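Okay, structure first, notes after.
The values are calculated or read from the model by the stated rules, or taken from the named source; none is laboratory data. Predicted model only: the values in this text are computed from it and were never measured. When we count neighbours, we look across all protein chains shown, and the Cβ atoms used for this are built from the backbone with ideal geometry, even at glycine.
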Amino acid sequence: MTVFRRCLLLATEYDLEIKSRWIPTNDNALADALSHFNYEKVTDIAPQLVYHTCTLRDRGFLTYSKLGCLR
């Protein structure tokens, strides 16, 4: 079930009224960048949304390649 359909069903179940309102791009730059998958702009606007991935080595684990060597 899509998110939108689920929202509509919940609104109906709880007798909620949903109103939509258009927000210009200049006032809603983050949502616009996210909807266009422009991650470079997203990180410029909201750097706190960027998370750094870690490797197993960062956590103290040793991993092996297919050749059997430690990485």
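Inspect all residues belonging to segment 3-12 and state whether any of them is surrounded by 10 or more Cβ atoms within 10 Å (Cβ to Cβ), in a loop (DSSP other than H, G, I, E, B), out of contact with any Lys or Arg (no Cβ under 7 Å at 6 or more places or on another chain) and modelled with pLDDT of 85 or more.
Step one: of segment 3-12, the residues surrounded by 10 or more Cβ atoms within 10 Å (Cβ to Cβ) are 6-12.
Remaining after also requiring in a loop (DSSP other than H, G, I, E, B): none.
No.
Would you check if there is a residue in segment 44-63 being of a type in the set (Phe, Trp, Tyr) and at pLDDT 90 or above? Reasoning before the result, please.
Start the filter on segment 44-63 by keeping residues that are of a type in the set (Phe, Trp, Tyr), which leaves 51, 61.
Retained after the next criterion (residues that are at pLDDT 90 or above): none.
For segment 44-63, residues of a type in the set (Phe, Trp, Tyr) and at pLDDT 90 or above: absent.
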